[in-house]
Structure formats: C-alpha cells, structure tokens
Amino acid sequence: MTRDQFIRHATRGLWGNKKRDAALELRGAIEDKTYRHQLCGLDAADAERAALRDLGSPHAIARDLNRVHTAPSALRATLLLGMVGLLGVQAVAQIPTVQAAPVPVEEACTFDAAKLARFSPEDHARIEAQIRTIGGRAAYEAACRSRRPGAELNTLLKLPDVITALRAAKVDVQSLPGLDAYLQLRLPGQDWQSVNLTGATLALRSSKGTTEAYVYASGLLNLLRGTFKGPLSLTGVTNPTLHVGSARMQLGTPDHPVQASDVVLLSVAEEVLNRMTSAAPGLAKWPMAVSSNGVKATQSGTFLSVGSAAKHFYAVVGSIDGHVEVSVQSTTRARLTLCGCTLNEINLTDDLPTLMKWTKARTTGVMVYALDLTDLHRLDLKPVPVSLLRLETQ
C-alpha cells in the first residue's frame with residue numbers, strides 16, 4: 001500500500017475541510033516516521049513501508065479520525081490527545097528494550113594476571129604500583145570491594161535482548177557454533193558482517209539459577225564502530241536508543257537505567273588517544289576513562305561553565321598527577337562538574353598538545369570537547385574555545 005492509498009483509506013468517511021485536515025495530520029506523521037527510518041539506514045521505499053507499518057491499520061485510524069473530526073469541540077480536544085499517541089508515540093513503544101545490569105563487585109575487584117592484561121600498559125603499571133603500595137593483591141582487592149565500584153552503573157547489556165532487537169528489524173543474526181558472542185550480521189540487501197563480542201561478554205547468574213550472557217555496553221559500541229558497516233548512532237541521555245542500521249533498541253529500564261555517557265565513554269577515550277597520538281606521538285598515553293558516576297553533579301564543588309557552546313554531551317579531558325583522564329558528561333545547564341571539592345589552581349585550554357605538555361610536567365589542567373553522537377563511526381569532538389570556559393566554585 002502506498003502513502004496516498006494509506007491516507008485515502010484512513011480518511012474515509014470524512015469530507016471537506018475535515019478530510020483535508022486529517023490528511024495533513026497523517027501525511028506529516030508519515031513523513032516524520034519515514035525520515036527517522038531513513039536515518040536508520042533504510043532506503044526511501046522501505047522507510048515508507050516501515051512508517052506505514054508503525055501507524056498500524058488505516059481502517060482503525062479511520063474510526064479514530066471520524067471520532068475526532070466529528071465530535072463536539074470540547075470532546076475533540078480530548079480525543080486528539082489520544083491521536084497523538086497513535087501518530088507519534090506508538091513507534092517509540094515498539095522499540096525493543098535491552099535489559100541491563102551492573103558489573104558484579106567480585107568481577108570488578110579481581111586483579112589477577114589475566115585481568116591486568118586487559119588494561120593499557122599505563123593503567124597496568126599504575127595498578128601494580130598501587131598493589132605494591134597497599135601491601136599486596138589481596139589487600140588491594142579487599143579495599144576495592146569495600147568501595148563497591150560500579151554498583152550503581154548498569155554497564156552490562158543482556159546479549160539475547162540485543163540479538164532479539166536486531167532480528168526484530170529484519171537483521172539476520174547468526175553465531176558460530178560454540179561461540180555465541182561471535183555474531184554474523186546481515187542487513188537487508190547487504191553482505192554478511194562479523195562482530196566478535198567474545199572478549200566483551202560476561203556470564204551472569206539469573207534468578208532461575210541459569211547463566212545468561214551480557215556484553216559491556218561500551219565494548220559493544222566500540223566493536224560495532226570498528227566492524228559494523230552501516231548507520232550507527234545514539235539518542236537520549238538516560239536509557240538511550242541505540243540505532244544499528246535499521247534496528248533500534250532502548251538500552252536499560254527504569255529499574256536498571258543506562259546512561260549514554262557510559263555507553264560512549266570507551267569510544268570517546270579511544271578517539272582522544274588517536275588525537276593525542278596525531279598531535280604529539282612521543283607524549284601520547286592511554287587516557288584513564290572515568291565514568292560519569294565518578295563525577296556526579298553536586299550542590300557544592302568545582303564546576304566548569306561552557307557558556308554559549310551548550311550541547312547535550314561533553315568530553316572533559318584533564319591532566320592530573322601526570323596522567324590524562326577522560327569523562328563524558330551530559331548537561332542541560334551548560335555546566336559540568338569537575339569534582340565535589342575546591343580546586344584552587346587549574347589551567348584551562350582548548351589545545352590538546354598544550355594539555356599533553358602539562359601532563360608531562362604534572363601540571364593540572366582541563367580542556368573540553370563538545371560531542372555529537374549522531375554518527376558514531378565518525379565521532380565529532382569539537383574543542384570548546386577557552387574563552388567560553390569559566391571555573392565556578394560554590
């Protein structure tokens with residue numbers, strides 16, 4: 001069924017201006033949904049078909065439109081609110097949800113040789129030095145467990161939910177025998193693509209006593225960026241929607257919310273490293289990725305105003321005690337949290353080589369990138385001009 005046929009069926013029973021107004025409402029809804037599906041990688045014809053499918057039966061719409069456009073004006077306002085759900089919110093409700101969970105404390109606080117091998121050389125050396133200082137691995141792990149790192153962070157995504165969301169969008173998904181996390185993906189009309197999530201998965205025990213595969217959210221995104229050939233974007237702040245080709249999936253639930261800043265953290269840290277390597281290869285070190293949970297918004301502390309450069313997401317890159325830290329923060333007030341403390345001396349810059357020189361000299365400094373997550377294959381990091389940055393304490 002074409003767009004015009006759909007509108008004709010959906011407005012059957014209406015006449016004159018009422019028919020015209022209803023047709024305009026529908027046409028606008030169809031065009032909006034078609035555009036959104038095209039952003040997810042569908043061509044014009046498939047995007048229109050998906051938009052019409054989202055709207056449902058034109059005959060059911062005709063019944064509702066007749067109720068709306070023939071009712072008394074007072075009742076019509078109420079019925080129109082229901083139509084907003086039909087024309088605008090229905091597609092959102094159809095987005096598959098991916099369950100999330102925090103990393104178990106025992107897993108987060110295990111630092112055996114195999115675990116340390118996953119860290120960058122700089123972080124590996126730093127952790128080993130801390131282990132020696134505290135008196136051995138057992139003491140270090142006990143101290144870690146007492147802090148319960150990541151207990152509030154739902155950074156693991158249920159892998160079967162991810163696969164279900166892909167298949168719901170007509171993406172073929174297969175796995176190699178014995179390697180459930182080595183996925184073969186095929187979008188409509190494209191060749192097979194391989195995405196190996198094996199190194200980014202973790203088995204968690206369910207309430208039924210069985211084990212379920214979970215994948216680190218930041219690892220999933222980083223691997224998709226490196227191997228998946230298709231549109232890839234993230235929208236939203238809490239429980240964001242991940243777009244993988246034509247597939248959409250909501251990450252997290254109200255009970256176990258996921259923050260977009262944590263999903264993109266590893267990818268942003270890697271992009272910062274790439275820029276450091278290009279700017280000054282001899283000074284480049286793996287930056288330490290710090291979850292936004294570690295820089296929670298506080299009522300008092302040190303803040304950084306970004307002025308008129310307001311965006312939803314920022315990467316804060318800091319030179320601290322001879323190493324580089326990267327955190328991703330979301331804000332609606334154009335103000336970022338540096339710490340819940342008072343920083344008396346901190347340098348500001350918008351030049352990465354300058355920040356790297358400060359790191360070598362063990363000078364404290366900060367620069368800020370404004371982030372655009374609409375194309376995760378080409379992460380857009382724009383330095384916020386230092387003239388717009390202003391330190392605030394309260």
- Query: Hey, what D do you get for the stretch 100-257 in µm²/s if you plug the Kirkwood alpha-carbon radius into Stokes-Einstein at 37 °C and 0.692 mPa s?
  - Reply: 189 µm²/s
- Item | Separation of the residue 142 and residue 164 label points, Cα + 7 Å toward Cβ, nm | 4.3 nm
- Query: Once the piece of chain linking residue 107 and residue 31 is laid out straight, how much longer is it, given 0.36 nm per residue of separation minus the C-alpha distance between them?
  - Reply: 22.6 nm
- Item | Spatially close lysines, pair count over the stretch 100-257: Cα under 30 Å, gap of eight or more or interchain | 6
- Query: Points 7 angstrom from Cα along the Cβ direction at residue 278 and residue 206: gap in nanometres?
  - Reply: 4.5 nm
- Task: Give, in nm to one decimal, the length gained when the segment between residue 129 and residue 253 is fully stretched (0.36 nm per residue of separation minus the Cα-Cα distance).
- Result: 40.8 nm
- Could you line up 319, 57, 207 from fewest to most neighbouring Cβ atoms inside 10 Å? 207, 57, 319
- Message: If each residue of separation counts as 0.36 nm, what is the full-extension length gain between residue 196 and residue 238 once their alpha-carbon separation is subtracted?
- Response: 12.5 nm
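Throughout, read-outs are computed from the coordinates displayed, never taken from laboratory work. The structure presented is a predicted model; accordingly, all values stated were derived computationally and were not measured. With ideal geometry, Cβ positions are generated from the backbone for all residues, glycine too; neighbour counts draw on all protein chains shown.
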